[in-house]
1. Can you put Ile182, Ile397 in order of accessible area, largest first, using a 1.4 Å probe?
2. Of the listed peptides 383-392, 320-329, what is their order by residue-averaged count of other C-beta atoms within 10 Å, with the highest listed first?
3. Among the complete DSSP H segments of the chain, which ones combine at least 20 Å of alpha-carbon extent along their axis with a mean Kyte-Doolittle hydropathy of 0.0 or more?
4. What is the sum of charges around Val86, taking Lys and Arg as +1, Asp and Glu as -1, for the other residues whose C-beta is under 15 Å from the C-beta of Val86?
5. Let me check something: with ligands and nucleic acids excluded, how do Glu197, Glu235, Glu298 order by accessible area (1.4 Å probe), largest to smallest?
6. Taking each pair of different alpha-carbon atoms in segment 11-60 once, compute 1/r for the pair, average those values, and report the inverse of that mean as the Kirkwood hydrodynamic radius in Å to one decimal.
7. Within the accessible area of segment 208-315, what % is carbon and sulfur when the probe is 1.4 Å and the other protein chains stay in place?
8. In the chain, which longest range has no trypsin sites (Lys or Arg not before Pro) that are both DSSP loop (not H, G, I, E or B) and surrounded by at most 11 other Cβ atoms within 10 Å?
Amino acid sequence: MKKNFFLHSLPFRLLVGVAFGICIGLLLNIIDESAITTAVLNVVVTSKYILGQLISFSVPLIIIGFIAPSITRLGNNASRMLGVAVSIAYASSLGAALFSSLSGYLLIPHLSFSSSASHLKALPDVVFELSIPQIMPVMSALVLAIMLGLASAWTKASLISSFLEEFQKIILAIVSRVIIPILPYFIGLTFCSLAYEGTITRQLPVFLQVIVIVLIGHFIWIALLYILAGIYSRENPLKVVKHYGPAYLTAIGTMSSAATLPVALQCAHRAKPLRKDLVDFGVPLFANIHLCGSVLTEVFFCMAISKILYGAVPAPGAMVLFCVLLGIFAIGAPGVPGGTVMASLGIITGILKFGDSATALMLTIFALQDSFGTACNVTGDGALTLILTGYARYHNIREQKLQ
């Protein structure tokens, strides 16, 4: 089949979207203040807004469509598996935060920073707003899916369980025929906007040293997660992580674990070591509660900004408390761009004592690399799903087939 060829694959289409987006954005930046530039930017901004609305609308449906029926298939083991999933997600986020904090104490005092950044060009307003509001917030959908799945399993509600199975098939069709095809265009428009604004060419060098260190930290943490998952499950973790390339690239473009969910599900289903029912249960759940990459990034950036503006990194006691609470906030943070740092602003100002300038700088620098933190989150979800698979095997929790 043609889809098996690289030129027709999702990774290739995503790379083409990124390349075209950056080239067009840089060209528009050069020929700024012309009628053609204004017209093209109006199309870019409006199209990106509409596609983003469509993807955002689908996220709660995907969460309900995958998590709820997956929980019902777990039957009497649903509560236990949910508890295990939340526990390992928190452990991963806390571990990433402590690892980042330790790295910060070792590296930041030896780095020199520059906090000046050029002003970004402003994008035009959306020509018209085709608002497509979600049927409910992402966290509401997550709670509803969990409650509905657990209650159906507890009461053995066969009618509701059958409905949820059919609903999952419908959502699968929406994902494969609507969401996946439009993602390359959405990502291309996103990078076009970033290139025109100047984010890629101007702001990124400001904290280039820190971003490079954080990226290395992402790969170290991903490797550690997969090694531990492989040891625990007694499976080859390379058979899982090798399928996550499309999800990693998609996360870089969408900057949202939730928006990357359709591709992440596709990647996880291709991994033979992962149980299919646990993929449908774990991947959508981890997309919203497992934000190890974002947590790792936020901790290191907070320490770097504290060094720049206040002359010293926060005290170890404050950082440990910050890491412990940040792991909890990460579980409740929405899997959307900037969700982690926005959810944790209270502890940034309360525990680390950041003022307005430090908070604004934190938000700006975090946004520059948010896509890579999201990619780490999404890729790490495969390792946690592998742990769930091993747990189910050790405790003789049988796989329930989709009917």
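1. On the way: Ile182 30, Ile397 5 Å².
The ordering from most to least exposed comes out as Ile182, Ile397.
2. Working: 383-392: 25.0, 320-329: 19.6.
Going by the mean number of other Cβ atoms within 10 Å, highest first, we get 383-392, 320-329.
3. Working: long enough: 10-30 (30 Å, 2.09); 35-74 (58 Å, 1.51); 78-107 (43 Å, 1.24); 138-155 (25 Å, 1.97); 158-174 (24 Å, 1.18); 180-197 (27 Å, 1.31); 208-233 (37 Å, 2.22); 292-310 (26 Å, 1.47); 316-332 (24 Å, 2.33); 356-394 (51 Å, 0.64).
Within the chain the helices that satisfy the rule are 10-30, 35-74, 78-107, 138-155, 158-174, 180-197, 208-233, 292-310, 316-332, 356-394.
4. With Lys, Arg at +1 and Asp, Glu at -1, the neighbours total 0.
5. Values: Glu197 40, Glu235 65, Glu298 0 Å².
Correct descending sequence by accessible area is Glu235, Glu197, Glu298.
6. Values: mean 1/r = 0.0810 Å⁻¹.
Evaluated over segment 11-60, this radius sits at 12.4 Å.
7. Numbers: 2410 of 3450 Å².
Carbon and sulfur atoms account for 70 percent of the accessible area of segment 208-315.
8. Details: sites that count: Lys156, Arg234, Lys401.
With trypsin sites (Lys or Arg not before Pro) excluded where exposed in loops, the chain gives 235-400 as its longest stretch.
The values are calculated or read from the model by the stated rules, or taken from the named source; none is laboratory data. Just so you know, these numbers come straight off a predicted model, no measurement behind them. Positions of Cβ are backbone-derived with ideal geometry, glycine not excepted, and every protein chain shown enters the neighbour counts. Heavy atoms of the whole protein, side chains included, go into the accessibility calculation; ligands, DNA and RNA do not. Shrake-Rupley method; radii C 1.70, N 1.55, O 1.52, S 1.80 Å.
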